[in-house]
1. Considering the range 238-258 alone, what residues qualify as being within 18 Å of residue 194 (Cα to Cα), under 28 Å from the mean Cα position of the chain (by Cα) and touching a residue at least 60 places away in the same chain (Cβ under 8 Å)?
2. Within the range 336-354, can one find any residue that is at pLDDT 95 or above, under 15 Å from residue 286 (Cα atoms) and touching a strand residue (DSSP E or B) at 6+ places or on another chain (Cβ under 8 Å)?
3. Do we have any residue at all in the range 276-294 that's buried (at least 23 other Cβ atoms within 10 Å of the Cβ) and at positive phi?
4. When only residues in the range 329-341 that are assigned to a helix (DSSP H, G or I) and either outside the structural domain of residue 73 (by TED's automatic domain parsing) or out of contact with any helix residue (DSSP H, G or I) (no Cβ under 8 Å at 6 or more places or on another chain) (or both) count, which is nearest to residue 106 (Cα to Cα)?
5. Quickly run through the range 299-328 and pick out the residues that are free of Cβ contacts under 8 Å to residues at least 24 places away in the same chain, in contact with a strand residue (DSSP E or B) (Cβ under 7 Å, 6 or more places away or on another chain) and not in a helix (DSSP H, G or I).
6. Filtering the range 88-102 down to residues that are touching a residue at least 24 places away in the same chain (Cβ under 8 Å) and surrounded by fewer than 21 Cβ atoms within 10 Å (Cβ to Cβ), which residue is nearest to residue 331 (Cα to Cα)?
7. Check 69, 45, 31 and return the single one that is within 28 Å of the chain's Cα centre (by Cα) and modelled with pLDDT under 95.
């Protein structure tokens, strides 16, 4: 006797079992290998414009990789972006990191801020998941001894050091004041700035503190006004720097204003309004291209604007390159398994839109560039690329 009446339910069970097996193996039903890339940035809060800029850079890279029909080994790959919001808050950042670890992502791009990147890196390291930050500049991040921690921008030693030297030697600052927002980034870049000012023979007249949530700076600015600074350096982000510039003008502080890549955005001119002044604000972006490489960056900016109807703020090209670098390491290794592609990531040599990307033994970018900018007519204008 044939058990023909069992044919349909058995087939359904078999199909379900195959589907579950494919999911467990990280494969789609069409046979594509699913590779999950986690991205974390603050897409809410005061610097959401920077976080969205980063996220869009990741989206652009993921879409291009999928359109290219990339293969890892003999399998066509389907990259999926798992994006999380850390609100630029360390506690929220570690919660986002744990969520991505639990999702068993193949790699992490992020976080944006040093203050979220550093604590999150402990979780990624514990899970054996490689992490590339596109913008965290605090030296501590890559000095923790984590094998999978990388960054594609120069750190605060380079950033703050270059700006400190520039304040004394080029801007001819005689009385230099410093303000920082007490975050890992703001404090770190301010400390390196001070070291460079002292090394260049500059005169530091005061160091005041605020927070990354503050909007009233009259007290600390009034204190500094009495010391008559001709240069004020701020370690922090553009959301705080903009209102600070407005209040400096209101108090009649006629000093040059400086900061790192956190203030070096297209949004700063809007946030500062008439507090900006002409060629009164100087900043440095961790990265930069020149010569024939500039054409690639210009094309990226044009394509980005066409796709998202928004100008690049700062870090989107670095996120874009970080995603492509991670994918290239997987292709080279023939595997998306973190343990297997990590060695290829360590030895990567990739020509990106932000320049050539290769890492030293700590995970820092080799020969990292900085781009110095000022603002004219409310727009950022490049001064020079330095290494």
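1. 256, 258
2. No, every residue in the range 336-354 fails to be at pLDDT 95 or above, under 15 Å from residue 286 (Cα atoms) and touching a strand residue (DSSP E or B) at 6+ places or on another chain (Cβ under 8 Å).
3. yes
4. 338
5. none
6. Per the stated criteria, the residue is 101.
7. Checking each option against the conditions leaves just 69.
Here's the yes/no breakdown for (1) out of contact with any strand residue (DSSP E or B) (no Cβ under 6 Å at 6 or more places or on another chain); (2) outside the structural domain of residue 136 (by TED's automatic domain parsing); (3) in a strand (DSSP E or B):
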| site | (1), (2), (3) |
| --- | --- |
| 39 | no, no, yes |
| 64 | yes, no, no |
| 87 | yes, no, no |
| 105 | no, no, no |
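The values are calculated or read from the model by the stated rules, or taken from the named source; none is laboratory data. Just so you know, these numbers come straight off a predicted model, no measurement behind them. Ideal geometry is used to build each Cβ from the backbone, glycine not excepted, and the neighbour counts take in all protein chains shown.
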